[in-house]
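Report on the structure given below.
The values are calculated or read from the model by the stated rules, or taken from the named source; none is laboratory data. All figures in this text were calculated on a predicted structure; none of them were measured in a lab. Cβ atoms come from the backbone with ideal geometry, glycine included; neighbour counts cover every protein chain shown.
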Amino acid sequence: MLSSQRVFETESIDLAAYLAAAGVTPTIEKAIGGNRAMFTFYETPELLAAIVDYERGAALPAKRLLNVRSWLYREASNVVKRGGV
């Protein structure tokens, strides 16, 4: 049975870091037809609220954001090097 769960995708590491620091874990894959990573999040009320907060310029602790961004960068680099997930 196929899942009907909706997803939100972004190539923006800054947005992905914000969402991950807000507690929403992404799946990282190589973007189709590109050399960049695609960050995919399952749509939940928490995700949608975090996206709105990000767009409004809400702040999260800087150290947490930097740590999460560094982790995402390493993971995304590995995914792109391997050519997929």
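Worth a mention:
- Flag: residue 65 does not match the condition of being touching a Pro at 6+ places or on another chain (Cβ under 8 Å) and part of a helix (DSSP H, G or I).
- Any chance residue 50 is at pLDDT 95 or above and in contact with a helix residue (DSSP H, G or I) (Cβ under 9 Å, 6 or more places away or on another chain): yes
- Matching residues in segment 40-68 - criterion: being surrounded by 17 or more Cβ atoms within 10 Å (Cβ to Cβ) and either β-branched (Val, Ile, Thr) or under 27 Å from residue 81 (Cβ atoms) (or both): 41, 51, 65, 68
- Top-ranked residue of segment 63-75 - restricted to ones that are of a type outside the set (Ser, Thr, Tyr) and touching a helix residue (DSSP H, G or I) at 6+ places or on another chain (Cβ under 7 Å), ranked as nearest to residue 6 (Cα to Cα): 72
- Residue check, residue 29 in contact with a helix residue (DSSP H, G or I) (Cβ under 9 Å, 6 or more places away or on another chain), of a type outside the set (Gly, Ala, Ser) and under 20 Å from residue 82 (Cα atoms): yes
- Evaluated against (1) surrounded by 14 or more Cβ atoms within 10 Å (Cβ to Cβ); (2) modelled with pLDDT under 95; (3) in contact with an Asp or Glu (Cβ under 8 Å, 6 or more places away or on another chain), residue 30 falls short on exactly one condition, (3).
- In segment 43-62, residue nearest to residue 5 (Cα to Cα) [restricted to those that are in a helix (DSSP H, G or I) and charged (D, E, K, R)]: 46
- Only one of 37, 20 that is buried (at least 19 other Cβ atoms within 10 Å of the Cβ), touching a Ser or Thr at 6+ places or on another chain (Cβ under 9 Å) and within 21 Å of residue 66 (Cβ to Cβ): 37
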